Amino acid sequence: MRLLVVEDNGELVPMLGRLLDTAGFAMDHAGAVEDAQLMVRVGAYAAVVLDLGLPDGSGLAVVREMRGRGDTTPVIALTARGAIADRVAGLAAGADDYLVKPFAPEELLARLQALLRRSGTIVDRVIQCGNVEFDPTTRGVVIAGLPTVLSARELELLDVLIRRHGRVVPKATVEAQLFGIDDDLSSNALEVCVHRLRRRLASAGASAEIVTVRGLGYMLGVRGA
Ligand code: CA
């Protein structure tokens, strides 16, 4: 699951990166309003963590523009201590929650998870396709009754496909989930990843398989169904 962190504080960014990484999130980063606006248009983010005090303006412009386009991605605004006007303006502009700096990292995580649960991105139940089970909370994978360890990217791919199993997931959606803005992408990076996950599924005895729907995308379905 990929998040966008919009923050210009050079010390906070790597700290957030480590925090989110240990919680199983991938992070893209923008340090200014203009970059953030570009990135939210192209990236498929599960949520945005948005500092309001940015070098080229207020983070409010980012959330206002997102909501104006009908983009409902959850946004947590980060505001300076005591700036009540900021908090009110943030919520009025369409932010879903706010956190006052300095904040405890655990609180940001807890609020993110609550937001993602509310928006339906985090579901508490295990998702199943054939004999492949995926627990969105722990990100654990069980295939044919046995816990199976996947690489980070294979896990992301399984995550995006199994949440929509039985439906075709557009290639662009899969790519946006798997790869960050800064990732240097070879043209067949996605195909390589699909190939690897297919092999892992097959060798673990999965009854689900990844089907390529030419020109459209990929679908996880039960073999022979
Ligand atoms: Ca700032």
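The values are calculated or read from the model by the stated rules, or taken from the named source; none is laboratory data. Since the model is a prediction, treat every value here as computed from it, not as a measurement. Cβ coordinates were reconstructed from backbone atoms using ideal geometry, including for glycine residues, and neighbour counts include every protein chain displayed.
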### Summary
Those residues of the range 3-22 that are assigned to a helix (DSSP H, G or I) and within 12 Å of the ligand (Cβ to nearest atom) come to a total of 2
### Query
Is at least one residue of the range 38-56 over 13 Å from the mean Cα position of the chain (by Cα), loosely packed, with under 15 Cβ neighbours inside 10 Å, within 15 Å of L78 (Cβ to Cβ) and in the same structural domain as T79 (by TED's automatic domain parsing)?
yes
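The rows are residues; the columns are (1) farther than 23 Å from D28 by Cβ; (2) surrounded by fewer than 20 Cβ atoms within 10 Å (Cβ to Cβ); (3) touching a residue at least 60 places away in the same chain (Cβ under 8 Å).
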position: G145; (1), (2), (3): yes, yes, no
position: L155; (1), (2), (3): no, yes, no
position: R163; (1), (2), (3): no, yes, no
position: A172; (1), (2), (3): no, yes, no
position: H195; (1), (2), (3): yes, yes, no
position: G205; (1), (2), (3): yes, yes, yes
position: A208; (1), (2), (3): yes, no, yes
position: T212; (1), (2), (3): yes, yes, no
position: G221; (1), (2), (3): yes, yes, yes
### Task
Take the range 38-55 and flag every residue that is free of Cβ contacts under 8 Å to residues at least 40 places away in the same chain and within 16 Å of the ligand (Cβ to nearest atom).
L52
### Message
Against the definition (among the small types (G, A, S) and outside any loop (DSSP other than H, G, I, E, B)), how does A114 come out, yes or no?
### Response
yes
### Flag if P74 is away from the ligand (no atom under 15 Å from the Cβ), in contact with an Asp or Glu (Cβ under 6 Å, 6 or more places away or on another chain) and not β-branched (V, I, T)
yes
### Query
Right, I76: free of Cβ contacts under 8 Å to residues at least 24 places away in the same chain and within 17 Å of the chain's Cα centre (by Cα) or not?
no
### Query
Could you say whether any residue in the range 84-103 is surrounded by fewer than 21 Cβ atoms within 10 Å (Cβ to Cβ), charged (D, E, K, R), modelled with pLDDT of 95 or more and within 16 Å of the ligand (Cβ to nearest atom)?
no
